[in-house]
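Report on the following structure.
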Amino acid sequence: MELLLSILIAVVIYYLLRKLSRSQRSHAPVAKEIADKVNRSTLAKEVFNPAQRSIPAHASRPTPVPSPCPTPAPVASVTAAPVTQVEQEHLPVPTLSTTSLAKGEIPLSELWQQMLAALELPSARMLLSQQAELVRLDGQRAVVRVATTWMAMVQSRLPLLEKAVATTLGSPRQLVLEEANPATMAVPAVPIAAQPLAESSNPIPSPEKQAWNGADPVLPIPNLKGGNTTRRSNTSRHPTFNTGIAELDGPGMYQRLTGCGPSGHVLYLLYSDQHSAYKVGVREPEKLGDRIKAIRESVPDVKLVGTAVFTSRQKAFDKEQEVFEKYKNYKYHGITGRYAGIHEWIKVRPSGKPYFTAPEKVENKFQEDTHRPAQSLERPDKYTIYLLYSRDKDAYLANWCSTANLEEKIKKAKRTAHDAALLARFKIEESHKAREITKKMNEEAGTYIQNGRRDVMDWCHNPPYLGAFENWDKDGIRVDTK
């Protein structure tokens, strides 16, 4: 019985194999004809096998150039099957570091915005978007130009910025910070004898050459500063939140709300004239604008009327709870809306601690501080930065020295300009500070020369540093305080 069953199974298998063989032979010519048509078509770029990567069909075959005379016969269009998600995961994905970045197709400004978007700290993102820019990028380095005033703060955020650059580009780069100041430009080393007398691009009328009459030369310096010296002369240097909310977008509010460190939080006070009610809440400084906009969807007339800032979220939260406890009998329940904070409204303005400072008061104080004259310091007369003038050369020279050696320095200057005379000087308490200030002055004028380890300051016809000496006399005393 088992023998008969084995024979029957063998016959069935033999029959099926013969039928399959005949079917394959009958379909083979059709499959070959389809494959030949696909291979001859110029529209077929590659043949895809779901079991493996895409395999180029014409990798070893040159692309046929169509003849201009005969018109090719129409080829039936074949709709490609959609690529599944699994297949897409195996396809190579171009990155910034391998394609567009290498070809320079993406502008540096756009790359900079992508890097800022990758920053984890919103306050750093806002600061860098207004006070820095990407100026150069290659395979090893990324050079970022930063406003001089904010250089120290940006350097403290350097690890975050390096991480954002690596995330955007797909590979790390050496991050170089460059000050946005002409004084940081390198001055070519030119031999003293070969270098012509420098000319300033900002001419200031110099004294007319005339016969020496024995009187001290008068320093012809216009009042470049327009009165009292101010700490800040350009408010555009100060960043803002740019939320579109007038009471939040002043530079004073930005300085106040971001001045409590990376963990700082704001306890804010809003007011609705329609409801005659106040709302108290806690928010990060960078997200306060979004929070106010969300509340305005339910309370359109709401306005920011006060803020108190704290160094941590916990401290701000504790003060918020103190306000709610103090005014628990003055709750206002007339507000509705998903994002309006319906249980955080009260009928009276909170008084006492915590003190809510109005945005108008913050901005007025900021403007006062900005335009307040700088306090005059009584510096020890250890070192001095001095200004000489030569009528014969019709040029100025700014240099520094120990105050005790000033007379010797003037005598030395007379070897190259026999009529060199001291016009003004001001005191500096430390030698390294006097050197750096003098170096920067001469770099701006193009008269600084590095000669080995020596700093050489040259004469200049109309130097831009004249304004620095306008309020000082030959004894280092301010002219307006004598």
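The values are calculated or read from the model by the stated rules, or taken from the named source; none is laboratory data. Everything numeric here is computed off the predicted structure, so don't read it as measured data. We place every Cβ from the backbone using ideal geometry, glycine too, and count neighbours over all the protein chains shown. To get the accessible areas, we keep the full protein, side chains included, count just its heavy atoms, and leave off ligands, DNA and RNA. Shrake-Rupley method; radii C 1.70, N 1.55, O 1.52, S 1.80 Å.
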Handout entry: Identity of the residue in region 364-408, closer than 30 Å to Leu248 by Cα and of a type in the set (Asp, Glu), that ends up surrounded by the most Cβ atoms within 10 Å (Cβ to Cβ)
Key = Asp369
Fill in the blank from the handout: By residue number, the members of region 441-468 that are within 31 Å of the chain's Cα centre (by Cα) and of a type in the set (Asp, Glu) are Glu443, Glu444
Fill in the blank from the handout: Residues in region 321-357 that are open to solvent by 30 Å² or more (accessible area, probe 1.4 Å) and of a type in the set (Gly, Ala, Ser) total 4
Fill in the blank from the handout: Out of (1) open to solvent by less than 40 Å² (accessible area, probe 1.4 Å); (2) more than 11 Å from the chain's Cα centre (by Cα), the one Leu128 does not meet is (2)
Practice task
Please state which of the following conditions Lys411 fails to meet, knowing it meets all the rest: (1) within 14 Å of Tyr396 (Cβ to Cβ); (2) outside any strand (DSSP E or B); (3) more than 35 Å from the chain's Cα centre (by Cα); (4) of a type in the set (D, E, K, R).
Solution key: (1)
Practice task
Return a yes/no flag: does region 374-388 have any residue that is out of contact with any helix residue (DSSP H, G or I) (no Cβ under 8 Å at 6 or more places or on another chain) and either of a type in the set (Val, Ile, Thr) or under 30 Å from Leu257 (Cβ atoms) (or both).
Solution key: yes
Completion exercise
Taking region 434-466 and keeping only residues that are touching a strand residue (DSSP E or B) at 6+ places or on another chain (Cβ under 8 Å), part of a helix (DSSP H, G or I) and open to solvent by 30 Å² or more (accessible area, probe 1.4 Å), one is left with Arg435, Ile437, Lys439
Practice task
For region 225-261, enumerate the residues that are loosely packed, with under 13 Cβ neighbours inside 10 Å, in a loop (DSSP other than H, G, I, E, B) and modelled with pLDDT of 50 or more.
Solution key: Gly244, Ala246, Gly259, Gly261
Practice task
Please identify the pairs in which a residue from region 140-154 that is within 12 Å of Leu128 (Cβ to Cβ) and open to solvent by less than 20 Å² (accessible area, probe 1.4 Å) has its Cβ atom under 6 Å from the Cβ atom of a residue that is in a helix (DSSP H, G or I) and not acidic (Asp, Glu), counting only partners at least 6 apart or on another chain.
Solution key: Val146/Val154
Practice task
Output the number of the condition that Gln314 fails; it satisfies all remaining conditions of (1) of a type outside the set (A, V, I, L, M); (2) in a loop (DSSP other than H, G, I, E, B); (3) closer than 30 Å to Ala124 by Cβ.
Solution key: (2)
